[in-house]
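The values are calculated or read from the model by the stated rules, or taken from the named source; none is laboratory data. Predicted model, so just to flag it, every value in this text is computed and none were measured. Using ideal geometry, Cβ is built from the backbone for each residue, glycine included, and neighbour counts are taken over all protein chains shown. Each accessible area value is taken on the protein alone, full model and side chains, heavy atoms only, with ligands, DNA and RNA left out. Shrake-Rupley method; radii C 1.70, N 1.55, O 1.52, S 1.80 Å.
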Amino acid sequence: MDADYLPFHPAPKKPDFVPPAGAVDAHCHVFGPADTFPYSPNRKYTPCDAPKAKLFELRDYLGFARNVIVQASCHGPDNRAMVDALRSAGDLARGVAVVSPDVTDEELAEMDAAGVRAVRFNFVKRLVDATPKEVFMGIAERVAKLGWHIVVYFEAPDLEDLIPFLESLPTTIVVDHMGRPDVTKGTDHPDFQRFVDLLSRNDNIWTKVSCPERLTVDGPPYDDVVPFARLLVETFPDRVLWGTDWPHPNMKSHVPDDGALVDVIPKIARTPELQQQLLVDNPMRLYWA
Ligand code: 0GY
């Protein structure tokens, strides 16, 4: 692993918040182990191994029932570690793949059978080399036929340029980590309002109200991020998802405690009804229906 890489928390606290029965951690990853599933030669970082057994242990410990495992950039378009985890989890996990345009229909069908339900388009420059939009659009049209959706990861300054592309995609879209707002600017700032407007105009666009640990300036317990997530949960209660983001690649400021992250949930989804939608109904509809 990279010299400055922070491994995941070795002993998270038991959360005070008890998730509803059937809760889904809708954004997490598996990394390696590298001796079985080597990292991509084109990766921008080398993480600490975070194998499937550790993920499933954390799922049970935090009180979750299911996972959506997102292919991370350090494995590039080689989805073997993620697909292997899906096969081990049986019906308790679904996957989000990263594919190159030369992926075959047979490979897509195989991933579909293993539980993959989406592809991820990553626009974060520190994580990936740029992919032309026409290439992404070609992939989008192919996966739309399988009933898959598209997960997009970008940073707030890139949203304005991306809007026409996002609005032209033919599937449901899930935006990672609330579009990564600058939380020092406040929820009323035009930058965050641009994101809220995008969701207001397009009822096929969902978002993950995840990653307070990446967006915070103040640090745990992440109260500076709460207003952003709460606004999205209360405005779009049937289009929000939540995930731990375990094992938290590329954290520099601190190692998040996954139990403390779970304890943010009742601050952003303040009623049992909103918690049920966020953690159970929405992810089940999108990934298990
Ligand atoms: C996340 C966030 C990050 C990394 C990746 O694919 C990835 O490598 O998504 C990040 O560094 O912000 O969602 O895991």
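If you go through region 157-171, how many residues are surrounded by 20 or more Cβ atoms within 10 Å (Cβ to Cβ) and either touching a Cys at 6+ places or on another chain (Cβ under 8 Å) or over 27 Å from residue 116 (Cα atoms) (or both)?
Quick first cut of region 157-171, residues surrounded by 20 or more Cβ atoms within 10 Å (Cβ to Cβ) only: 159, 169.
Pick out the ones that are also either touching a Cys at 6+ places or on another chain (Cβ under 8 Å) or over 27 Å from residue 116 (Cα atoms) (or both) and you get none.
The number of residues fulfilling the criteria is 0.
Go over the candidates 15, 19, 7 one by one and state the one that is out of contact with any Leu (no Cβ under 9 Å at 6 or more places or on another chain), part of a loop (DSSP other than H, G, I, E, B), of a type outside the set (Ser, Thr, Tyr) and touching a residue at least 12 places away in the same chain (Cβ under 8 Å).
Step by step, each of 15, 19, 7 is checked, and only 7 is out of contact with any Leu (no Cβ under 9 Å at 6 or more places or on another chain), part of a loop (DSSP other than H, G, I, E, B), of a type outside the set (Ser, Thr, Tyr) and touching a residue at least 12 places away in the same chain (Cβ under 8 Å).
List every residue pair whose Cβ atoms sit under 7 Å apart, with the two residues 6 or more apart in sequence or on different chains, where the first one lies in region 195-216 and is more than 16 Å from the ligand (Cβ to nearest atom) and the second, anywhere, is among the aromatic types (Phe, Trp, Tyr).
199/236
For every residue, the table says whether it meets (1) within 14 Å of the ligand (Cβ to nearest atom); (2) in contact with an Asp or Glu (Cβ under 7 Å, 6 or more places away or on another chain); (3) touching a residue at least 60 places away in the same chain (Cβ under 8 Å).
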site: 62; (1), (2), (3): no, yes, yes
site: 67; (1), (2), (3): yes, yes, no
site: 74; (1), (2), (3): yes, no, yes
site: 93; (1), (2), (3): no, no, no
site: 100; (1), (2), (3): no, no, no
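Under the condition of being β-branched (Val, Ile, Thr) and open to solvent by 10 Å² or more (accessible area, probe 1.4 Å), which residue from region 172-219 is nearest to residue 277 (Cα to Cα)?
Filtering region 172-219 for residues that are β-branched (Val, Ile, Thr) and open to solvent by 10 Å² or more (accessible area, probe 1.4 Å), the one nearest to residue 277 (Cα to Cα) comes out as 172.
Check region 110-118 and report whether any residue there is closer than 30 Å to residue 231 by Cβ and open to solvent by less than 40 Å² (accessible area, probe 1.4 Å).
yes
Say we look at region 239-260 and pick out the residues that are closer than 18 Å to residue 27 by Cα and more than 17 Å from the chain's Cα centre (by Cα); which of these is surrounded by the fewest Cβ atoms within 10 Å (Cβ to Cβ)?
So the residue we want is 255.
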